[in-house]
Amino acid sequence: MRRRVLLAAPLLAAPLMLPAISGAQAQPAGVVLEEFQVPSGTGIQLYLRNKRQDGATAARADRVILCIHNGTFPGSTSFDLPAGGVSWMDYMAGRGFDVWTVDLRNFGRSTREAAMGQPPGGAPLTRAPDALADIAAAAAFIREKRGVPKLVLLGWGWGGALAARFAADNAALVDRVVLYAPEWPKEGAAPAAPANGAAPLPSYRSLTRADVRTRWVEGVPDNRRAALFPAGWYEHWADTTFATDPEGARQVPSVLRVPNGPLADAAAGKPLFDAAKVTVPTLVTLGEWDRETPPAQALALFQSLAGVTAKRLVVLGEGTHGIMLERNRGALFQAVQVFLEEALTG
């Protein structure tokens, strides 16, 4: 476990406009970073990262947040990438929240199973049951560490579906849930069969930077692609993310090895959770150019949350599935923060 105080860039108390911040009111930014390794089952060590204000008082359940990454990139380089000097975790910590993220098994700095170091083959790794076990282990550690009975879950993509599943199964342990571009299948979707007789999904896949960039901008109008990221932001994120896979980084071109369990979950054609069983206050939010969770699918999910009395749906302009790392990420930060700080009952 490591602890250090980061003197981060000023966090914005006024509306966040990134990257331009001139004229905005700033607040002090002494932020403590701690890193932990937490066991989850036999041989698995999860990397947890925490940020909070230095000298923070006793934790409150509605101010302790666990962020869960999507099915491709680790949480540590997604939620805590200081683009423009401030990460999303920094922003929430600056508002008085105790913010955590976890790299699930086979992602980022957490344990990579032996099959990840062999040629791809066998069953897809990191399916939903294993990921849910990791979330349960991380959440239990945080609750004990902070002495709170429950916490807030913030999940992105596949991680959003997992967060909703955990909340549906463990309502007493969850204060509220943020579903950022959550996976939700199209109405009437059937299990996806291998194309043209291709072999089933292997244990993992290897993505190049070009693969990731091409997929990222799908759905963005051609005349808006150049403005999606401020200069250097995408490259900084890619450098940081690909560095979490040292073996992949040694290849030419460098690759990021990603377990295929999340793809296998999506290919099953059915939701990872029963939306009607979610009862805690819920926010669904996404960007208008999201190809992974198009707005129509997000609306269908929102309407299926029949057991939630306090729910919100926010669609953000000019953003993709990865809007939290794009020029308009400030709109996402603010929309989520409003929900986090609301006095809700559900």
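The values are calculated or read from the model by the stated rules, or taken from the named source; none is laboratory data. None of these values were measured; they are calculated from a predicted model. Cβ: placed from backbone, ideal geometry, glycine included. Neighbour counts: every protein chain shown. Just the protein is used for accessible areas: all its heavy atoms, side chains included, with ligands, DNA and RNA removed. Shrake-Rupley method; radii C 1.70, N 1.55, O 1.52, S 1.80 Å.
Computed values, structure above
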{"quantity": "Residues (in contact with a Cys (Cβ under 9 Å, 6 or more places away or on another chain) and of a type in the set (A, V, I, L, M, F, W, C)) located in the stretch 42-91", "calculated": "F79, W88, M89"}
{"quantity": "Qualifying position, being open to solvent by 50 Å² or more (accessible area, probe 1.4 Å) and free of Cβ contacts under 8 Å to residues at least 24 places away in the same chain, among L299, L313", "calculated": "L299"}
{"quantity": "Filter pass, A306 being surrounded by fewer than 17 Cβ atoms within 10 Å (Cβ to Cβ), in a helix (DSSP H, G or I) and touching a helix residue (DSSP H, G or I) at 6+ places or on another chain (Cβ under 7 Å)", "calculated": "no"}
{"quantity": "Residues satisfying the stated conditions in the stretch 248-277, i.e. assigned to a loop (DSSP other than H, G, I, E, B), among the β-branched types (V, I, T) and open to solvent by less than 50 Å² (accessible area, probe 1.4 Å)", "calculated": "none"}
{"quantity": "Residue tally, condition under 25 Å from E326 (Cα atoms) and either touching a residue at least 60 places away in the same chain (Cβ under 8 Å) or in a loop (DSSP other than H, G, I, E, B) (or both), over the stretch 278-296", "calculated": "13"}
{"quantity": "Sole residue being more than 28 Å from L263 (Cα to Cα) and in contact with a Phe, Trp or Tyr (Cβ under 8 Å, 6 or more places away or on another chain), chosen from R109, R52, R95", "calculated": "R52"}
{"quantity": "Test set (1) over 11 Å from the mean Cα position of the chain (by Cα); (2) buried (at least 19 other Cβ atoms within 10 Å of the Cβ) - A61 fails condition number", "calculated": "(2)"}
{"quantity": "Condition met for A138 (open to solvent by less than 10 Å² (accessible area, probe 1.4 Å), in contact with a helix residue (DSSP H, G or I) (Cβ under 6 Å, 6 or more places away or on another chain), among the hydrophobic types (A, V, I, L, M, F, W, C) and within 30 Å of F339 (Cα to Cα))", "calculated": "no"}
{"quantity": "Among the residues listed as D98, D130, D134, D103, the single one being touching a Pro at 6+ places or on another chain (Cβ under 7 Å) and acidic (D, E)", "calculated": "D103"}
{"quantity": "The stretch 226-241 residues that are among the aliphatic types (A, V, I, L, M), paired with ones that are open to solvent by 20 Å² or more (accessible area, probe 1.4 Å) and assigned to a helix (DSSP H, G or I) (beta carbon under 6 Å, 6 or more apart)", "calculated": "A238/R209"}
{"quantity": "Selection count, the stretch 141-161, where residues are at positive phi and either open to solvent by less than 10 Å² (accessible area, probe 1.4 Å) or polar (S, T, N, Q) (or both)", "calculated": "1"}
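Residue-wise test of (1) assigned to a helix (DSSP H, G or I); (2) under 17 Å from V102 (Cα atoms); (3) out of contact with any Pro (no Cβ under 7 Å at 6 or more places or on another chain); (4) at pLDDT 95 or above.
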residue: A161; (1), (2), (3), (4): yes, yes, no, yes
residue: A168; (1), (2), (3), (4): yes, no, yes, yes
residue: A172; (1), (2), (3), (4): yes, no, yes, yes
residue: V177; (1), (2), (3), (4): no, yes, yes, yes
residue: E187; (1), (2), (3), (4): no, no, yes, no
residue: A190; (1), (2), (3), (4): no, no, yes, no
residue: A193; (1), (2), (3), (4): no, no, yes, no
residue: N196; (1), (2), (3), (4): yes, no, yes, no
residue: P200; (1), (2), (3), (4): no, no, no, no
